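Nothing in this text is a laboratory measurement; each read-out follows from the coordinates by a stated rule. Computed from a predicted structure; not experimentally measured. When we count neighbours, we look across all protein chains shown, and the Cβ atoms used for this are built from the backbone with ideal geometry, even at glycine.
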């Protein structure tokens, strides 16, 4: 990049909209797509609490989704604020609004609090359990970013603490539907480990892209302890853990989901394939939509998985000598 173009990128925006744009940017609305993971909790809750079908409200779901996006944006803002010192030494992230001087840090702190208040206020409108889980999501943002804890600086702690937001989002979708039960722990852990696999893949791709252990360590504290090999092994560990805990859930609650396992295994393999690409897009998950093959495969996996939740195949239970779940299926074959 030429000096002139770099200066153009860092020049102060003009006009009201131009000056507001950096503040919108640090809230990362382009990352809101991650909150679709909460939507999976809705059909799962409807499966386990079929009586909730009549009381289910799309308005509550919409409010809950907005609340989740606002709380997540509050976490993104505090992340941008506290990462700014190290971002200044990063070849790409140095052009973010705070390191490049386009955002006033005191105003960014105000934005962080306002987004939290708005998000938690909207969460309260849904119900109390939803509010408490949304508060948990916000607290995880503090633990991940704020010293003295700052989990993002810890090897493996960075991946596990960030990915725990996956089961939190699942709970948010769940509590839009029902207040009387909680999801199976095996499913929650599997969802957590899937998220950990995604995050470890992102770290692996970032570490390879930087290509220099010293520069990587200066950018992110956890990279002081990582190597290509350690990150690759951790990806295998998280994928295996996800598969094993999902297996517990399947055998205990819904044996028909066995039919989705080849697709799910294929998705993990496909994701590793994308991770190993040069300058892999998994470094920026918000851009993965450009991987159309991967997105199609993901939608296919979700469609098959959710469909099987509501289908019963008695022959499978006879074949594996497993007692069927007491949850009634919608369709029997």
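Here are the numbers for the structure shown:
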| read-out | value |
| --- | --- |
| Sorted by Cβ neighbour density within 10 Å, fewest at the top, the residues 275, 227, 323, 68 | 323, 227, 275, 68 |
| 222 nm mean residue ellipticity, helices alone, for the chain (DSSP H n ≥ 4; -39,500 (n - 2.57); rounded to 500) | -21500 deg cm²/dmol |
| Added length on full extension, which subtracts the Cα-Cα distance from 0.36 nm per residue, residue 53 to residue 304 | 88.3 nm |
| Semi-axis lengths, Å, segment 208-333, gyration tensor of Cα atoms, sqrt of 5 times eigenvalues | 38, 17, 10 |
| Calculated over segment 128-239: convex hull of Cα atoms, volume per residue (Å³) | 93 |
| Nearest-ten-degree value, helix 261-275 long axis tilted from longest Cα axis of the chain | 10 |
| Length gained when the stretch residue 244-residue 290 is fully extended (0.36 nm per residue, less Cα-Cα span) | 13.5 nm |
| Neighbour-count ranking [beta-carbon atoms within 10 angstrom, fewest first] of 269, 260, 186 | 269, 186, 260 |
| Where labels lie 7 Å past Cα in the beta-carbon direction, separation of residue 107 and residue 147 in nm | 2.7 |
| Residue order, fewest to most surrounding Cβ atoms within 10 angstrom, among 273, 31 | 273, 31 |
| Along principal axes, Cα extents of segment 17-183, largest first, whole Å | 54, 39, 23 |
| Between helix 165-177 and the chain: long-axis angle, C-alpha atoms, 0 to 90°, nearest 10 | 50 |
| Relative contact order [Cα under 8 Å, 6+ residues apart], the chain, whole percent | 17 |
| Alpha-carbon centroid distance for the pair segment 108-130 / segment 252-319, whole angstrom | 32 |
| Gain upon complete extension [residue 125, residue 326; 0.36 nm per residue less C-alpha separation] | 69.1 nm |
| Under the Debye formula (equal points on every Cα, no solvent term), log10 I(q)/I(0) of the chain at q = 0.06, 0.08 Å⁻¹ | -0.24, -0.42 |
| Helix 185-210 axis, angle to the chain major axis (alpha carbon atoms, nearest 10°) | 30 |
| Pairwise FRET efficiency - residue 154 versus residue 179, Cβ, R0 = 25 Å, nearest 0.05 | 0.10 |
